Amino acid sequence: MKRCSFIILTVFLCLLCCGGVASAETVKKAASADFSTSAQSAVVMERSSHRVLFEQNADAHLPMASTTKIVTALTVLNHADLDDVVEVNPEAVGIEGSSIYLRAGEHLTVRELLYGLMLRSGNDSAVALALHVAGSIESFAEMMNDTAKQAGCVDSHFVNPHGLHDDEHYTSARDLATLTCIALNNPDFQQIVATKAVRISNEGMDYDRVLVNKNKLLSNFEDADGVKTGYTKKAGRCFVGSATRNGMQVVVVVLNCGPMFEETADLLNAAFNNYHLQCVIPLNKMCGSRMEKGKRVYYSCPQSFSYPVHDGEELTTDINLDGEVPTISAFLNGGKVFERELIKCK
């Protein structure tokens, strides 16, 4: 039987002053003390692992205003080509609230409409994209709900692509953070939401549309790279922000938060000050070998795995070559956070 278990990382907190290792509960309390927000609901999540670093009323069903458009964009990217040309439907013209002032019959690409959606929060862009992808607002809302369901979300329900208030249109901070992390895996989404300003077409006019991102964090916070603002009277000020530092991307969701930019910046700083991303399993890590039909077969892990850790937390890995299907697992303080089947080395 070949089975190996080894410690990847052990960090001693307060060893010199306390003469021992900080408990997981002590570490958790120490980290939480650095996170604070006036938001009605909030979540801080590391993008690659979806580990929640901080939460406050995270599963409450709340309106989220135009942060809805994160899910709209993700759904569009899953079902349309960026270079598709969209003819603006009259139904997409004159939508209340934020707008890029589309005109019926003009033509823009999906990419241009996504810039209008995410930088200027164009409600007309949202409707134009929804009609292009699904043919109707109702059908597109069903697709949005499917997007959320596939992401494992259980506290969200969408009825429109723009976020104008409807009692049946809601999400939770946890769901919205999860969906944002998934969206940020898409390089096109990542590029769009990190853009400070862009020019797009303005058919029939002798000047382009110039779109300036409403996300002030992009200019006011070092390493900021997204994502989306939102506001209605019912939802209050809502914001999803992201930043990447030392290889770790963190997503912050604050719902109904007056100083949304300032408090998002504070939450991001708390995350970067308290956690760092640890590579637990390198890509194509050689994990061992076993005899099969008289031949020695070597196995490796085809997927890398990194996880955000706080000082005092312990990450370990366990390789199981005894089962019918060999696996590698990672554990944080004894709880499994990752498992992957190993593959034969060629």
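Within the range 261-272, how many residues turn out to be open to solvent by 50 Å² or more (accessible area, probe 1.4 Å) and of a type in the set (Phe, Trp, Tyr)? Quick ask: steps written out before the conclusion?
Step one: filter the range 261-272 for residues open to solvent by 50 Å² or more (accessible area, probe 1.4 Å), giving 262, 266, 269.
Right, trim to of a type in the set (Phe, Trp, Tyr) and you get none.
The number of residues fulfilling the criteria is 0.
What number of residues within the range 205-246 satisfy the criterion of being open to solvent by 80 Å² or more (accessible area, probe 1.4 Å), under 27 Å from ARG111 (Cβ atoms) and outside any strand (DSSP E or B)? Reasoning before the result, please.
Applying the first criterion (open to solvent by 80 Å² or more (accessible area, probe 1.4 Å)) to the range 205-246 yields 205-207, 210, 216, 219-220, 222, 231, 233-234, 237, 246.
Now drop any that are not under 27 Å from ARG111 (Cβ atoms), which leaves 205-207, 210, 216, 219-220, 231.
Those still in the list that are outside any strand (DSSP E or B) too: 205-207, 216, 219-220.
The qualifying residues number 6.
Specify which of the listed residues (GLN303, GLN278, GLN249) is in a loop (DSSP other than H, G, I, E, B) and in contact (Cβ under 8 Å) with a residue 24 or more places away in the chain.
Details: GLN278 fails: in a loop (DSSP other than H, G, I, E, B); GLN249 fails: in a loop (DSSP other than H, G, I, E, B).
From the options GLN303, GLN278, GLN249, the qualifying one is GLN303.
Of all residues in the range 281-300, how many are of a type in the set (Gly, Ala, Ser) and free of Cβ contacts under 8 Å to residues at least 12 places away in the same chain?
Quick first cut of the range 281-300, residues of a type in the set (Gly, Ala, Ser) only: 288-289, 294, 300.
Next, from what is left, pick out any that are free of Cβ contacts under 8 Å to residues at least 12 places away in the same chain: 294.
Total satisfying the criteria: 1.
Among ASP155, ASP146, which is in a helix (DSSP H, G or I) and within 20 Å of the chain's Cα centre (by Cα)?
Details: ASP155 fails: in a helix (DSSP H, G or I).
Exactly one of ASP155, ASP146 is in a helix (DSSP H, G or I) and within 20 Å of the chain's Cα centre (by Cα), namely ASP146.
Could you list, in sequence order, the residues of the range 172-204 that are part of a helix (DSSP H, G or I) and charged (D, E, K, R)? Let's see the steps before the verdict.
Applying the first criterion (part of a helix (DSSP H, G or I)) to the range 172-204 yields 173-183, 187-193.
Those that are part of a helix (DSSP H, G or I) and charged (D, E, K, R): ARG174, ASP175, ASP188.
Can you pull out the residues in the range 224-236 that are closer than 17 Å to SER172 by Cβ and basic (Lys, Arg)?
LYS228, LYS234
With (1) open to solvent by less than 50 Å² (accessible area, probe 1.4 Å); (2) closer than 16 Å to ARG47 by Cα as the list, and LEU164 as the residue in question, which single condition is left unmet?
(2)
Which of the residues that make up the range 303-322 are open to solvent by 60 Å² or more (accessible area, probe 1.4 Å) and in contact with a helix residue (DSSP H, G or I) (Cβ under 9 Å, 6 or more places away or on another chain)? Walk me through how you get there before you give the answer.
Going residue by residue through the range 303-322, those that are open to solvent by 60 Å² or more (accessible area, probe 1.4 Å) are 303, 311, 314, 322.
ASP311, GLU314, listed by residue number.
Exactly one condition in (1) over 25 Å from ALA183 (Cβ atoms); (2) modelled with pLDDT of 95 or more; (3) surrounded by 14 or more Cβ atoms within 10 Å (Cβ to Cβ) is false for GLY258; which is it?
(3)
Out of VAL85, VAL110, VAL127, report the one residue that is within 24 Å of THR195 (Cα to Cα) and surrounded by fewer than 17 Cβ atoms within 10 Å (Cβ to Cβ).
Values: VAL110 fails: surrounded by fewer than 17 Cβ atoms within 10 Å (Cβ to Cβ); VAL127 fails: surrounded by fewer than 17 Cβ atoms within 10 Å (Cβ to Cβ).
From the options VAL85, VAL110, VAL127, the qualifying one is VAL85.
Select, from GLY97, GLY122, GLY135, GLY152, the only residue that is open to solvent by 40 Å² or more (accessible area, probe 1.4 Å), free of Cβ contacts under 8 Å to residues at least 60 places away in the same chain, closer than 26 Å to ARG237 by Cα and not basic (Lys, Arg). Explain how you work it out, then say what you get.
Details: GLY97 fails: free of Cβ contacts under 8 Å to residues at least 60 places away in the same chain; GLY122 fails: open to solvent by 40 Å² or more (accessible area, probe 1.4 Å); GLY135 fails: closer than 26 Å to ARG237 by Cα.
Result of the check over GLY97, GLY122, GLY135, GLY152: GLY152.
Report the residue count in the range 323-346 for those that are surrounded by 12 or more Cβ atoms within 10 Å (Cβ to Cβ) and either free of Cβ contacts under 8 Å to residues at least 12 places away in the same chain or β-branched (Val, Ile, Thr) (or both). First the steps, then the outcome.
At the first step, the residues of the range 323-346 found to be surrounded by 12 or more Cβ atoms within 10 Å (Cβ to Cβ) are 326-333, 337-343, 345.
With the extra rule that they be either free of Cβ contacts under 8 Å to residues at least 12 places away in the same chain or β-branched (Val, Ile, Thr) (or both), the set shrinks to 327-328, 337, 343.
Qualifying residue count for the region: 4.
The values are calculated or read from the model by the stated rules, or taken from the named source; none is laboratory data. Note that the structure is a prediction, hence the values are computed from the model and not measured. Methodologically, a virtual Cβ is constructed for each residue, glycine included, from the backbone with ideal geometry; neighbour enumeration extends over all protein chains shown. The area values use the complete protein model at the heavy-atom level, side chains included, leaving out ligands, DNA and RNA. Shrake-Rupley method; radii C 1.70, N 1.55, O 1.52, S 1.80 Å.
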